[in-house]
1. If r is the Cβ-Cβ distance from Ala96 to Ile350 and R0 is 22 Å, what FRET efficiency results, to the nearest 0.05?
2. Over region 145-234, what is the relative contact order in whole percent, taking alpha-carbon pairs under 8 Å and six or more residues apart?
3. Nearest 5 is fine: what % of DSSP beta bridges in the chain come out antiparallel, could you say?
4. Please sort through the DSSP H helices of the chain and keep those with an alpha-carbon extent of at least 24 Å along the long axis and a Kyte-Doolittle average not below 0.0.
5. In percent, how large is the relative contact order of the chain, given Cα pairs closer than 8 Å and 6 or more residues apart?
6. By how many nm would the segment from Ala360 to Arg285 lengthen if fully extended, with 0.36 nm per residue of separation less the alpha-carbon distance?
7. Once the other residues with Cβ under 10 Å from the Cβ of Lys121 are scored (Lys, Arg +1; Asp, Glu -1), what is the net sum?
8. What is the Cα centroid distance between region 229-298 and region 41-86, reported in whole angstrom?
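Just so it is clear, none of the values below were taken in a lab; they were calculated from the coordinates. Predicted model only: the values in this text are computed from it and were never measured. Virtual Cβ from ideal backbone geometry, glycine too; neighbours counted across all protein chains shown.
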Amino acid sequence: MALNHTSASPQGAASPQPRRPLTVLGLESSCDDTAAAVLRLDPDGTAHVLAEAVVGQNSAHAPYGGVVPEIAARAHAERVDGLAAQVLADAGLAAAELDGVAATAGPGLIGGVMAALMTAKGIALGAGISLIAVNHLEGHALSARLTEQLAFPYLLLLVSGGHTQLAAVHGVGEVVRYGSTLDDAAGEAFDKTAKIMGLGFPGGPAVERFAKEARDPGRFPMPRMLARDKSCDFSFAGLKTAARRAWDGLDAPDDEDRADLAASVQRAIAAHLSERAGRAMAQFRSEHSDVTAPVIVAAGGVAANGAVRQALKQTAQAEGFSLLAPPLKYCTDNAAMIALAGAERLALGIRDGLDAPARARWPLDAKAAAAAPASGGGRKGPKA
Ligand code: KG4
Ligand code: ZN
């Protein structure tokens with residue numbers, strides 16, 4: 001349990017500014033982290049995380065090399081009520097003193113999503129407070145506003161185990177997608193590479209650890225994905241195939257081979273992400289010539305990767321953007337970002353009924369929601 005008091009004061013025309021402080025409990029259980037947080041949003045738009053807790057499930061899923069939905073759902077159901085009570089106690093608040101309770105209502109593994117959403121509904125009903133059903137992707141999109149003064153609009157690169165997308169964030173509930181993955185998510189590319197080499201789960205941190213020991217990070221040639229494609233979309237499936245082929249071609253591979261292959265794949269992922277982000281930056285600039293100091297936010301678990309951050313930083317500098325990456329604990333799944341999204345919605349007068357559905361798929365941008373794409377938009381599923 002980490003008790004934390006962080007704050008930020010996001011200013012901007014589209015920033016919701018409540019008339020009085022709003023205190024919101026946030027709950028998250030859409031993948032393999034159960035999390036709860038209490039947050040206060042002040043009238044000047046400053047966010048204060050009053051208490052937060054997160055419990056992961058890595059050891060439960062590690063034997064399977066990926067998240068097992070049934071195991072995840074059971075673990076969330078066992079823990080989420082206790083975590084909610086814990087953060088309320090840490091914040092010194094009773095549920096009835098809250099203005100609202102926000103829960104991720106999708107996209108995600110449906111059994112997991114239901115755990116936090118049902119708990120939130122119970123609390124809302126019992127305490128007579130507002131319910132806010134939050135899109136998990138909106139939580140990631142707003143997460144940098146937990147700790148930074150960040151005005152709308154900004155560019156978002158969301159790179160996690162289930163999502164890879166570039167979007168312009170114009171405000172709460174106002175997101176325009178520039179591109180998304182055509183196949184695997186960036187986190188999956190890391191996780192699958194780790195699985196091929198038997199590095200354990202979750203794969204991203206393991207690949208990064210091994211890559212640091214590489215003697216020859218360019219030893220295994222990797223394809224340049226979507227080399228002739230002029231869009232902001234991503235593709236990672238070719239990397240997985242190249243990694244598999246390289247690994248199968250090795251005779252009795254050792255840790256030196258693992259390190260070189262990890263570094264080769266990591267470099268290719270970082271290059272692909274930063275190249276596509278560079279395109280999106282150019283598009284953002286052409287659409288927002290009035291924004292004098294443009295910002296790109298890198299969110300999601302893959303944004304924790306040092307090589308990815310470095311590559312993005314270089315591209316951002318070249319394009320005249322500042323790169324903002326939330327602190328590690330807010331890059332990965334957390335409940336503070338869900339509480340913030342809930343509070344910002346509440347400040348705009350948005351709340352949900354007790355019949356709010358849990359959604360396995362829920363694209364963030366309205367256009368994608370209408371088109372209901374076969375992949376990419378709001379997909380989030382098992383990482384393995
Ligand atoms: O955002 P997140 O915690 O959960 C999802 O919503 O998916 O992201 C998890 C993903 C996993 O695929 C994990 O391997 C990857 O983020 N990840 C990393 C690193 N830390 C986590 N990938 C590369 N390098 C890292 N250091
Ligand atoms: Zn996430």
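1. The computed FRET efficiency comes out at 0.55.
2. Relative contact order, region 145-234: 23 percent.
3. 65 percent
4. Span-like helices, by this rule, are 69-91, 110-127.
5. Computed value for the chain: 24 percent relative contact order.
6. Contour length minus the Cα-Cα distance gives 23.7 nm.
7. Taking every other residue near Lys121 into account, the sum is -2.
8. Result: 29 Å between the Cα centres.
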